[in-house]
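The values are calculated or read from the model by the stated rules, or taken from the named source; none is laboratory data. Just so we're clear, the structure is a prediction, and the values are computed from it rather than from any experiment. Cβ atoms come from the backbone with ideal geometry, glycine included; neighbour counts cover every protein chain shown.
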Amino acid sequence: MMDFPKTADIVVIGGGIVGVATAYYLAKSGRKNVVVLEKNTVCSGSTGRCGAGIRAQWGLELNCRMALACLDTFEQLDDELGLPTGLNQAGYLLVAYKDKEWEQFQKNVVLQHSLGINTEIFTDKKRAQEICPGVAVDDALGFTFYNRDGHADPFLTTFAFQEAAKRLGVTFCKFTEVTGLKVEGGKITEVETNKGNISCGTVVNCAGSWAQDIAKMAGINLPNWAERHEIIITEPVDPGVCPPMLMSFSGNYYIQQRPHGSIIAGESPSHEPLLGYTSTPHSIASIARIVLKMLPRAKDIRVVRQWAGHYDMTPDAAPILGQTDVSGFWHATGFSGHGFMLGPVAGQIMTSLLNGEKPFIDPSIMDYHRFERGEKIIEPSVV
């Protein structure tokens, strides 16, 4: 059994995609004695319960640029990490049902084209059915589609990062709950856990829905909160029913077909304050109705599993990246449902910041004081 570390140069709190990717990129950059603390097991929280979508179709330039970096990263991850991530680039088909939504889609595409994102925009329902043969879209106003978008396997991806990080010397401590952070003279000096304390001068808070609790241990107030979302998965059906990720903001759904044939579908909650990972009957029924409406060919298939997960939300649904007022205490949190997609890029940005280098994307607008300044990051296309 591995001895519990007593010291570390950098402690990363959280074993989801953001924390594990950050640890990997830190080690890849040459940083030594990096320790990841996870209160359960790697990928056991929100990462392992997400839809794992990756898309470049956004309405804000910052988000488009970050998303392009995500696509570039994911497209070469299998080779870099030496393990498969399950990347499937069958595109995202976005569906608009309302006039204002369709107007926004048109504005988004102008921006996307200016950045080299060659999104297709159309109103032809036959074209939509060429892309997604099983879809029913008689009530839709229009569509956008980008063929580089897609999804990956959250478990394969996170475990690939973990194994690559281990090869570079990163230590992973599972079933290790952080119980306190010791701050002396305005600086982080120690991480307290249920297994012992770690002397450390740098801590990266990647705790997702629990990031607010971790921050309070150092006297920092984050505006994050956890929002519950639910997903169902069906028995396998013939491939080709729903090749792309099918998504609508106003329709409040996303649907994808996994390579083995099962259909995964989820929705955002209307009024679901309850936390935890157990599904609720009304959400299961609601998601099933959406799937039947959008994919009539799925009417006779069975739901075989359902679960809930958490979005780590911020007031503007954009991440918090950077250092805090406590020296040595950093945040990479608040991804608001897009942590899987953004995790690898967030890890690269955090590594540059921790190494005193200029990141390839300027994250200064994503500091947690922006809410006090009234400088929210407004993205018109969020789900």
For Asp213, work out the one condition from (1) outside any strand (DSSP E or B); (2) among the acidic types (Asp, Glu); (3) surrounded by 21 or more Cβ atoms within 10 Å (Cβ to Cβ) it doesn't fulfil. (3)
Kindly establish whether Gly82 is small (Gly, Ala, Ser) and either surrounded by fewer than 16 Cβ atoms within 10 Å (Cβ to Cβ) or farther than 22 Å from Cys242 by Cβ (or both). yes
Among Thr193, Thr202, Thr189, the single one that is more than 30 Å from Glu372 (Cα to Cα), hydroxyl-bearing (Ser, Thr, Tyr) and modelled with pLDDT of 95 or more is Thr193
What's the number of the only condition in (1) assigned to a helix (DSSP H, G or I); (2) over 21 Å from Leu353 (Cβ atoms) that Val20 fails to meet? (2)
What is the one condition in (1) more than 16 Å from Pro344 (Cβ to Cβ); (2) among the aromatic types (Phe, Trp, Tyr); (3) crowded, with 24+ Cβ neighbours inside 10 Å that Phe4 does not satisfy? (3)
Glu227 - would you say it is under 30 Å from Asp367 (Cβ atoms), free of Cβ contacts under 8 Å to residues at least 60 places away in the same chain and part of a strand (DSSP E or B)? no
Restricting to strands (runs of 3 or more DSSP E) lying wholly in the stretch 129-185: which have 3 or more residues that are surrounded by fewer than 20 Cβ atoms within 10 Å (Cβ to Cβ) and in contact with a strand residue (DSSP E or B) (Cβ under 8 Å, 6 or more places away or on another chain)? 178-184
Could you identify the single residue in Trp307, Trp330 that is assigned to a strand (DSSP E or B), out of contact with any Leu (no Cβ under 9 Å at 6 or more places or on another chain), at negative phi and among the hydrophobic types (A, V, I, L, M, F, W, C)? Trp307
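Is it the case that some residue within the stretch 187-200 is under 30 Å from Val109 (Cβ atoms) and surrounded by 18 or more Cβ atoms within 10 Å (Cβ to Cβ)?
Taking every residue of the stretch 187-200 in turn, none turns out to be under 30 Å from Val109 (Cβ atoms) and surrounded by 18 or more Cβ atoms within 10 Å (Cβ to Cβ).
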Restricting the stretch 39-52 to residues that are in contact with a Phe, Trp or Tyr (Cβ under 7 Å, 6 or more places away or on another chain) and either at pLDDT below 95 or buried (at least 22 other Cβ atoms within 10 Å of the Cβ) (or both), which is farthest from Phe105 (Cα to Cα)? Val42
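Conditions (1) part of a helix (DSSP H, G or I); (2) in contact (Cβ under 8 Å) with a residue 40 or more places away in the chain; (3) within 27 Å of Gln212 (Cα to Cα); (4) not basic (Lys, Arg), marked per residue:
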| residue | (1), (2), (3), (4) |
| --- | --- |
| Gly15 | no, yes, yes, yes |
| Tyr24 | yes, yes, yes, yes |
| Gly30 | no, no, no, yes |
| Asn40 | no, yes, yes, yes |
| Ala56 | no, yes, no, yes |
| Gly59 | no, yes, no, yes |
| Cys70 | yes, yes, yes, yes |
| Gln76 | yes, no, no, yes |
Exactly one of Ile361, Ile349 is within 17 Å of the chain's Cα centre (by Cα), surrounded by 14 or more Cβ atoms within 10 Å (Cβ to Cβ) and of a type in the set (A, V, I, L, M, F, W, C), and that residue is Ile349
Name, by its number, the condition in (1) surrounded by fewer than 15 Cβ atoms within 10 Å (Cβ to Cβ); (2) touching a residue at least 60 places away in the same chain (Cβ under 8 Å); (3) assigned to a loop (DSSP other than H, G, I, E, B) that does not hold for Asn221. (2)
